[in-house]
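Here's the structure we're looking at; comments come further down.
What follows draws every value from the coordinates through simple rules; no lab data is involved. Computed from a prediction, not measured in an experiment: that's the story for all the values here. Neighbour counts run over all protein chains shown; Cβ positions are idealised from the backbone, glycine included.
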Amino acid sequence: MDAKTHWEKVYKTKAPDTVSWYLPHLETSLALIERTGASFCSSIIDVGGGESTLADDLVSRGYQNVTVLDISETAVNVSKQRMGEAAIHVQWLVADVLATELEPLAYDVWHDRAVFHFLTTIEQRLAYVQNVVRSVKRGGHVIVSTFGPEGPTKCSGLEVVRYDADSLHDQFGARFRLIESSEELHETPQGTTQQFLYCYCRVE
């Protein structure tokens, strides 16, 4: 089963608030985006943002240039319906981040919560990083969250790669200056806990 088919099946068969990564609001991500100093006109992309409420919260706080990219059209449509008229303030991209060429130097902030850890091959990770390098402006900001060293080894039936701050930063290279990292225990809707790692970098 290819990635798109897998994720369409997940989002068609599970309610948004029952998937293990669900949070009503991505408070850590919102705080990190605010910490970048991005203005309300800054271009922000949420990679894998499908059913996430991050776009809702960014728009409600006044950010005017928000893009959501997700491989699942079902997930994107859920968010559009949830946001109602506010959805017109978001650019929606249904695409595989590994297979699409994003506009060069288009984004001030790149955000990804729980996509990168699904990239289990070197080729996948290189394709991802190349898209970041191509599409994030010099001086821009990259916020990536994965499972931490004590996080799950599988998620949604797929193998994942766990990271600490150093090993995650190593995937991106010297052009990315690590500003800060933190770990967070996420409580799933099922009542279990998962360790997440957040890394915030600046593109030199």
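For Cα pairs less than 8 Å apart in space and 6+ apart in sequence, what is the mean separation divided by the residue count of segment 51-204, i.e. the relative contact order in percent?
After rounding, I find 19 percent.
So if I place +1 on the C-beta of Lys and Arg and -1 on the C-beta of Asp and Glu, and nothing else carries charge, what would the dipole magnitude of the chain be about its Cα centre? I want it in debye, nearest 20.
That gives the chain a dipole magnitude of about 280 debye.
Val97's amide H: which non-local residues (gap 5+, or another chain) put their own amide H closer than 5 Å, with H modeled 1.01 Å from N in plane and none for Pro or chain starts?
For Val97, no residues qualify.
Once the other residues with Cβ under 9 Å from the Cβ of Ile71 are scored (Lys, Arg +1; Asp, Glu -1), what is the net sum?
Once all neighbours under 9 Å are counted, the net charge is -3.
Residue-wise, which Karplus ³J(HN,Hα) couplings in Hz belong to segment 181-198, taking 6.51 cos²θ - 1.76 cosθ + 1.60, θ = phi - 60°, and x for glycine or proline?
9, 7, 10, 9, 8, 9, 8, 6, x, 8, x, 8, 10, 10, 8, 10, 10, 10
Determine the equivalent ellipsoid of segment 62-160 by diagonalising the alpha-carbon gyration tensor, then write out the semi-axes as square roots of 5 times the eigenvalues, largest first, rounded to whole Å.
23, 19, 13
Using a Cα-Cα cut-off of under 21 Å, which lysines could be cross-linked to Lys9, ignoring same-chain neighbours fewer than 8 residues away?
Lys80, Lys154
Helix hunt in the chain: which complete DSSP H runs extend at least 30 Å axially by C-alpha with mean Kyte-Doolittle at least 0.5?
Qualifying helices, which must be both long enough and hydrophobic enough, do not occur.
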